[in-house]
Amino acid sequence: MTETSTLRMSFIDRLRADPAAAAALALFAIAIATILGAWYFEHVLKLAPCPLCLQQRLPYHIVIPLSLLMMLAALVRAPQQLLTVGFIAILVTVLCGAALGIYHAGVEWHFWAGPTDCSGFITDFNNGGSILGQIKTINLVRCDQAAWRFLGISLAGYNVLTSLAMAAIASYGLLAPRSAA
C-alpha cells in the first residue's frame, strides 16, 4: 500500500487495519465513559465519593491521555517498542486500578479495615468545642459503606470488572500483530 493510499483510508479502515490503534481507542472510550459515569453518580445522583472512590479515578485519568497518544502513535506507525512500552504502562495502570477496586470492595464487605479517615469509628472529639457542634459540621463519606449496588456489586466492584476488561484490551493491543506499513 502506498503512502498516498494510506492517507486516503478512512479512520475506521485505519482502525481495522491496526489492532493496536483499535485497542487504544477502545481503552480511551472506556476510560472516558467510566469517568463520565462517576461524575453522573456524583453530580446528578448526588452520591458523594469517598476518598477511596476518588483514588480509583486516578488510573482512568492516566489512561485517557495515554491511550489517546497510543492510538495516534499506532496510526502514524510509531516504532513497535514505543507501542510496547505504552501498552505495558496502560496495563500496569489498569491493574493498579483493579487492585484499588478490590481493596475498596473488601473494605465495603468488611473483609479488612479501611483507611481511618473514612471507615471505622469516629473517636477524636478532643479537638475543642462540643461534641454536638462537631457532629453537625462533619460531612464524612464512609469508605466502608457502599453508596450504591446493582446485582449485589458496588461501584468499587464494577471498577474491578472494568479495570480487568481494560487490562485484557491493553494485552490485546500489546500482543496484536502489526500490519505492514
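The values are calculated or read from the model by the stated rules, or taken from the named source; none is laboratory data. Quantities reported herein were computed from a predicted structural model and do not represent experimental measurements. All Cβ positions, even for glycine, are placed from backbone atoms using ideal geometry, and neighbour counts span all protein chains on display.
If you go through the range 107-120, how many residues are hydrophobic (A, V, I, L, M, F, W, C) and at pLDDT below 60? Matching residues across the range 107-120 total 0. Is it the case, given these coordinates, that L91 is surrounded by 16 or more Cβ atoms within 10 Å (Cβ to Cβ), assigned to a helix (DSSP H, G or I) and modelled with pLDDT of 85 or more? Yes: the conditions hold for L91.
In the set L75, L54, L82, which member is under 30 Å from P177 (Cβ atoms), surrounded by fewer than 16 Cβ atoms within 10 Å (Cβ to Cβ) and at pLDDT below 95?
L82
Once the range 57-72 is narrowed to residues that are within 10 Å of the chain's Cα centre (by Cα) and exposed (fewer than 15 other Cβ atoms within 10 Å of the Cβ), the residue that is nearest to A146 (Cα to Cα) is L58.
For the range 36-51, filtering for residues that are surrounded by 16 or more Cβ atoms within 10 Å (Cβ to Cβ), at pLDDT below 90 and of a type in the set (A, V, I, L, M) leaves 1. Does any residue of the range 83-103 turn out to be under 13 Å from L155 (Cα atoms) and out of contact with any helix residue (DSSP H, G or I) (no Cβ under 7 Å at 6 or more places or on another chain)? Within the range 83-103, one or more residues are under 13 Å from L155 (Cα atoms) and out of contact with any helix residue (DSSP H, G or I) (no Cβ under 7 Å at 6 or more places or on another chain).
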